1. Between residues in the stretch 312-336 that are farther than 18 Å from Arg362 by Cβ and residues that are near the ligand (Cβ under 8 Å from one of its atoms) and open to solvent by less than 20 Å² (accessible area, probe 1.4 Å), which pairs lie under 8 Å by C-beta distance while being six or more apart or on different chains?
2. Pick out, from the stretch 92-138, the helices (runs of 4 or more DSSP H) lying fully within it that include 3 or more residues that are open to solvent by less than 20 Å² (accessible area, probe 1.4 Å) and not hydrophobic (A, V, I, L, M, F, W, C).
3. Restricting attention to the stretch 211-227, does a residue exist that is open to solvent by 10 Å² or more (accessible area, probe 1.4 Å), among the hydrophobic types (A, V, I, L, M, F, W, C), part of a helix (DSSP H, G or I) and at pLDDT below 95?
4. Sort out which residues of the stretch 198-214 are touching a Phe, Trp or Tyr at 6+ places or on another chain (Cβ under 9 Å) and touching a residue at least 40 places away in the same chain (Cβ under 8 Å), and write them in order of number.
5. Can you tell me how many residues within the stretch 26-70 are open to solvent by 50 Å² or more (accessible area, probe 1.4 Å), touching a Ser or Thr at 6+ places or on another chain (Cβ under 9 Å) and not in a strand (DSSP E or B)?
6. Answer yes if at least one residue in the stretch 236-252 is more than 18 Å from the chain's Cα centre (by Cα) and open to solvent by less than 10 Å² (accessible area, probe 1.4 Å), and no otherwise.
7. Name the residue, out of Ala259, Ala268, Ala281, Ala275, that is among the hydrophobic types (A, V, I, L, M, F, W, C), part of a helix (DSSP H, G or I) and within 15 Å of the ligand (Cβ to nearest atom).
8. If I filter the stretch 301-311 down to residues being more than 12 Å from the ligand (Cβ to nearest atom) and free of Cβ contacts under 8 Å to residues at least 24 places away in the same chain, which single residue comes out as surrounded by the fewest Cβ atoms within 10 Å (Cβ to Cβ)?
Amino acid sequence: MNTKSDTASEPAIESAPVGNFILTDSSTGESWELPARTGAMGNRLIDIKTLYGQTGILTYDPGFTSTASCKSDITFIDGNKGVLLHRGYSIEELAAKSDYMETCYLLLYGELPTPEQKTSFDSDIKSHTLLHEQLSRFYSGFMRSAHPMAIMVGVVGALSAFYHDSIDITDVEQRQLAAHRLIAKMPTIGAYAYKYSLGMPFPMPRNEYSYSENLLQMMFSNPAEDYEINPVLSRAIDRILILHADHEQNASTSTVRLAGSSGANPYACIASGIASLWGPAHGGANEAVLKMLDEIGTVDQVGKYIKKAQDKNDSFRLMGFGHRVYKSYDPRATVMRETCHEVLQVLDVNDPKLELAMELERIALEDPYFIEKKLYPNVDFYSGIILKAMGFPTSMFTVMFAIGRTVGWISHWKEMLNDDEQKIGRPRQLYLGEQQRSFIPLDKRGHTEKKTSWPWFWGK
Ligand code: CMC
């Protein structure tokens, strides 16, 4: 394989100290200096690496809303301006001019491939698309009704039991082999989860097809018939994969980094990312959007649900809306919206859900609550409608996200392993429990005020 070295994606620009912040303890008057830093683009930050060692003081930041957990040179987001760049290239340009394989190469190796590098990368990925026969038998241990994301977590984690030649994370060649295997096998693993739910035979991956064509073929071909690829649909799949390829330190990527920081093998790390992605606040939102549109039902109900989303006593949220980082329109949602119209036109689908989605978007964007909280449609708002129109069942939506995001997870895992500041991830906590107390023998208990029955234990 003619790729750049494994370390090609080490930070190109070292973050430079730019002045200091002074931290003063108002109770004692003590002060400490903490360096300010700036990256190639984006916010200034306070480097608190030495804070605990110097002062014994911890910082508290649930959900990491103000914390940069690592340095990275893969993806840049300006959430206020709605900008998303991979290795400096805008997501709009990549979606319009690149393809998924090329975007994978870019994320993994830091530069767009030359024609030779692209051909070599394509063919290397194609050489790893098959599943081991015994791994295919793994599926029969699942219920036919299992959620495909449950199968993904299990089967991807199980890869580490099959590929002992690529779990030594200190070996650059093995890391690359694991990276290419994971990217290559994800569509096969995902498509088989769907075929298994239908009781259909597992189709073989076909090397004459591109990555996205092959994914469509494995999902929808029937062994009794020829399968014809619709180029508009394979292009739409390719675009969906590009739009999901990476998104810097989101929950699943941070999960992969944290799992990998202990030295865990790459297959186990990616399985942990899939588990994190599954939640409805993250990748599970595309499935949740369709369920929400079903629940809303008709355009005349939109107003009622917009009100429900604003009611603090109601757990309903507008799925596919809002983002931790974007405080303007998610640029991925803009491309997804265009792709959605293209696909529905080609398939001649007149989906009332699209009309409903557009009405929901229109009303939400004019509503003072959504304006004030800067809640805009995110990538998941339109992707489900496209996938549904193509025939993907709702339960497969998050699997599609996982297939696209695998390259992002691996690129971050690889970058982390090459980072000379890398340490095992080990956050601290603000402890609010009991202070030290003496053990009470069993026959002396029963007089405590707190109820310790199970409902109390699990309740909020
Ligand atoms: N509907 C109604 N209100 C919302 C929504 C929403 N979708 N999202 C946020 N809010 C409100 C929230 O109630 C809070 O109000 P207040 O300040 O009065 O307490 C405020 O906006 C800030 O929300 P938050 O939950 O503190 O923000 P966050 O950054 O922790 O959460 C989010 C981000 C994406 C989890 C959240 O916006 C959400 O739950 N959205 C719906 C699920 C969704 O679409 N997820 C996909 C995210 S994009 C793809 C991905 O990364 O996987």
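1. Phe316/Ala309; Arg317/Ala309; His323/Asp330; His323/Asn378; Tyr326/Asn378; Arg332/Asn378; Arg332/Val379
2. 100-109
3. no
4. Residues satisfying the conditions are Phe202, Ser210, Tyr211, Ser212.
5. Total meeting the criteria: 9.
6. Within the stretch 236-252 (the criterion being more than 18 Å from the chain's Cα centre (by Cα) and open to solvent by less than 10 Å² (accessible area, probe 1.4 Å)), the answer is yes, since at least one residue qualifies.
7. Working: Ala259 fails: within 15 Å of the ligand (Cβ to nearest atom); Ala268 fails: within 15 Å of the ligand (Cβ to nearest atom); Ala281 fails: part of a helix (DSSP H, G or I).
Result: Ala275 is the single residue among Ala259, Ala268, Ala281, Ala275 that is among the hydrophobic types (A, V, I, L, M, F, W, C), part of a helix (DSSP H, G or I) and within 15 Å of the ligand (Cβ to nearest atom).
8. Only one residue tops the list, namely Lys304.
The values are calculated or read from the model by the stated rules, or taken from the named source; none is laboratory data. Since the structure is predicted, the reported quantities are computational estimates derived from the model, not experimental observations. Cβ: placed from backbone, ideal geometry, glycine included. Neighbour counts: every protein chain shown. When the accessible area is computed, the model is the full protein with side chains, heavy atoms only, and any ligands, DNA or RNA have been set aside. Shrake-Rupley method; radii C 1.70, N 1.55, O 1.52, S 1.80 Å.
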